[in-house]
1. Condition test on A:Arg81, is it open to solvent by 10 Å² or more (accessible area, probe 1.4 Å), outside the structural domain of A:Thr43 (by TED's automatic domain parsing), modelled with pLDDT of 95 or more and not hydrophobic (A, V, I, L, M, F, W, C)?
2. Failed condition for B:Pro118, given (1) open to solvent by less than 20 Å² (accessible area, probe 1.4 Å); (2) touching a residue at least 40 places away in the same chain (Cβ under 8 Å), with all others met?
3. Please find, within the stretch A:208-223, the residue that is surrounded by the most Cβ atoms within 10 Å (Cβ to Cβ) out of those that are under 17 Å from the mean Cα position of the chain (by Cα) and under 12 Å from A:Arg161 (Cβ atoms).
4. I'd like to check something: does the stretch B:7-15 contain any residue that is at pLDDT below 95, farther than 18 Å from B:Phe139 by Cα and surrounded by fewer than 18 Cβ atoms within 10 Å (Cβ to Cβ)?
5. What is the number of the single condition among (1) part of a helix (DSSP H, G or I); (2) open to solvent by less than 30 Å² (accessible area, probe 1.4 Å); (3) in contact with a strand residue (DSSP E or B) (Cβ under 7 Å, 6 or more places away or on another chain) that B:Met37 does not meet?
6. Residues that are surrounded by 13 or more Cβ atoms within 10 Å (Cβ to Cβ): list the strands (runs of 3 or more DSSP E) wholly contained in the stretch A:88-139 that include at least 3 such residues.
7. Among the candidates A:Ala251, A:Ala247, A:Ala278, A:Ala262, single out the residue that is closer than 21 Å to A:Ser23 by Cα, of a type in the set (A, V, I, L, M, F, W, C) and open to solvent by 40 Å² or more (accessible area, probe 1.4 Å).
8. Could you look through the stretch A:62-77, keep only residues that are open to solvent by 10 Å² or more (accessible area, probe 1.4 Å) and either not in a loop (DSSP other than H, G, I, E, B) or not assigned by TED's automatic domain parsing to the domain that holds A:Leu42 (or both), and pick out the one that is farthest from B:Arg81 (Cα to Cα)?
Amino acid sequence: MTEDDAVATLSSGMTIGIGGWGSRRKPMSLVRALLRSDLADLTIVAYGGPDVGLLAAAGKIRKLVYGFVSLDSIALEPHFRIARQTGTIPECVEYDEGMLQWALYAASLRLPFLPTRAGLGSGVMETNPSLRTVRSPYADGEELLAVPALPLDAAFVHLNRADARGNAQFLGPDLYFDDLFLGAARPGHRFVSCERVVDTADLLAEGSFHTLRINRSMVDGVIEAPNGAHFTNCQPDYERDERFQKAYAAAAADPEQWQAFAGRFLGGSEADYQAAVAAWRNEQS
Amino acid sequence: MEERAVVNLADIVICAAAEAFRGDGEIFASGMGTIPMLGARLARSTTEPDLLVSDGEAFFVANELPIGGTDKLIEGWIPFRSVFDTLWGGRRHVMMGASQIDARGNTNIANIGPWARPTAQLLGVRGGPGNTINHTVSFWIPGHNPKVFRSQVDMVSGLGYDRAAALGPTVAGMHELRRVITNLAVLDFANDERRMRLRSVHPGVAVDDVVAATGFELDVPAEVPGTPLPSDEQLAVIARLDPRGVRLREVPNP
């Protein structure tokens, strides 16, 4: 299937979780398909990077739940910064990074909440007045934060390899929380894009069995998307395209420049995007 | 007395950062940014050989790894999920930044102005709430001024001593803000009130300079020592950890 096929199964108002971390192994080709779609009023859940920035700039986000939004080598995501400072995202939920993991894990275990200390006493409690605490029923009686489960309607993740049925493999240094994004989403809209679709028999050709953390019961559709995480990294297949990310960040800081950038790179299909990036690279070298 | 060569401010604060990890033993010493990272690695190479230090990506490295170094002796795997497990288990001491800090050590890395619509969106709370409630935290703040050291922070991303105490003895027992290191001084909370105290001033800095640069009342002891100068051994290790002098560009001499 293609990115556009996957996005065509979604509807406006849905809650979509996006895997990866900051500007690392983001399912960018699926995000670009979201940008091309007519979908609106989305709730986006992420350890955010340019995925959140692009969707915010396109006005697709009604509600954003985030542990952070960053480009890693550029600390602040420019579109996100502008969106926050101009109030263009109607509703924001800012969590401690660990709280977001717990929210997704609770949803994937079908629990109403999971307890933690992370967040207690901090500004997170004040800016999220719906958060509740729970008292330990044991002798300690400690009061803990009950992080509510965050069930998703859909999940997008990008892995290195997958077979056609959805058994997927990470070959880089970190799975991040991709398994939890898939686990938190109800069956029907759980999509894995990957650098290369391989035969099931070849899944262990490039990595040990420890890398097979996503099995097909967690996945509804597989999309082969070479360079699909661009401009974020997808180790060991490729590093982050730092030069392109710099150009993105520079353009994002200025509305006119952004119009030109979006027109050049985001106006067409995924193939058009990859061709435009290749042409840009030739110009730069 | 023999005149000592110019001592770089960067080297002084790196040694102060390393000193913050003294006594930590076999825990994850995590440094956010150049100076804290060099401090953690210097501590591991000198006073605290049992510390675990990471490559800033996903691995614990057993060798003395220079900034940007790729020749890693990997001794463990520490993906983000394991970082969370380690920090919730308390086996970590992080040294991180703060855009605002108050007298009780409440910190803000999240945003300036009201959270609902900030005048400046910064990093967001990131892992600050979980870090400060679970394990020892220190801070490196390169620009000591009253806008940063203020009576109140705009968003509490890291808990100070008052907020930790209000959560009861379990949390208070896990909470520790060990050092605040700046371009002017080293500060701590080592008094009965757990209120920010001036621990030492860097060479060429007067106590009054620090007081003037702080937007709340500091606890200033009658005697404030100078921040220790780096030893030759420390300077040699720092030179190996940062052969290209990244630290000197980040923290220029005044």
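1. Working: open to solvent by 10 Å² or more (accessible area, probe 1.4 Å): yes; outside the structural domain of A:Thr43 (by TED's automatic domain parsing): no; modelled with pLDDT of 95 or more: yes; not hydrophobic (A, V, I, L, M, F, W, C): yes.
Answer is no for this residue.
2. Answer for B:Pro118: the failing condition is (2).
3. Among those that are under 17 Å from the mean Cα position of the chain (by Cα) and under 12 Å from A:Arg161 (Cβ atoms), it is A:Ile214.
4. We begin by selecting, within the stretch B:7-15, every residue at pLDDT below 95; these are B:7.
Among the residues that remain, those that are also farther than 18 Å from B:Phe139 by Cα are: B:7.
If we keep only those that are surrounded by fewer than 18 Cβ atoms within 10 Å (Cβ to Cβ) as well, we get B:7.
Checking the stretch B:7-15: at least one residue is at pLDDT below 95, farther than 18 Å from B:Phe139 by Cα and surrounded by fewer than 18 Cβ atoms within 10 Å (Cβ to Cβ).
5. Unmet condition: (2).
6. It comes to A:91-94, A:113-116.
7. Result of the check over A:Ala251, A:Ala247, A:Ala278, A:Ala262: A:Ala278.
8. Of the residues in the stretch A:62-77, the ones open to solvent by 10 Å² or more (accessible area, probe 1.4 Å) are A:62-63, A:72-76.
After this cut, where a residue has to be either not in a loop (DSSP other than H, G, I, E, B) or not assigned by TED's automatic domain parsing to the domain that holds A:Leu42 (or both) as well, the list is A:62-63.
On the way: A:Arg62: 29, A:Lys63: 25 Å.
Restricting to residues being open to solvent by 10 Å² or more (accessible area, probe 1.4 Å) and either not in a loop (DSSP other than H, G, I, E, B) or not assigned by TED's automatic domain parsing to the domain that holds A:Leu42 (or both), the top hit is A:Arg62.
The values are calculated or read from the model by the stated rules, or taken from the named source; none is laboratory data. What you see is a predicted model, and the numbers here were worked out from it, not measured in a lab. Heads up, the Cβs are rebuilt from the backbone with ideal geometry, glycines too, and the neighbour counts pull from every protein chain shown. Heavy atoms of the whole protein, side chains included, go into the accessibility calculation; ligands, DNA and RNA do not. Shrake-Rupley method; radii C 1.70, N 1.55, O 1.52, S 1.80 Å.
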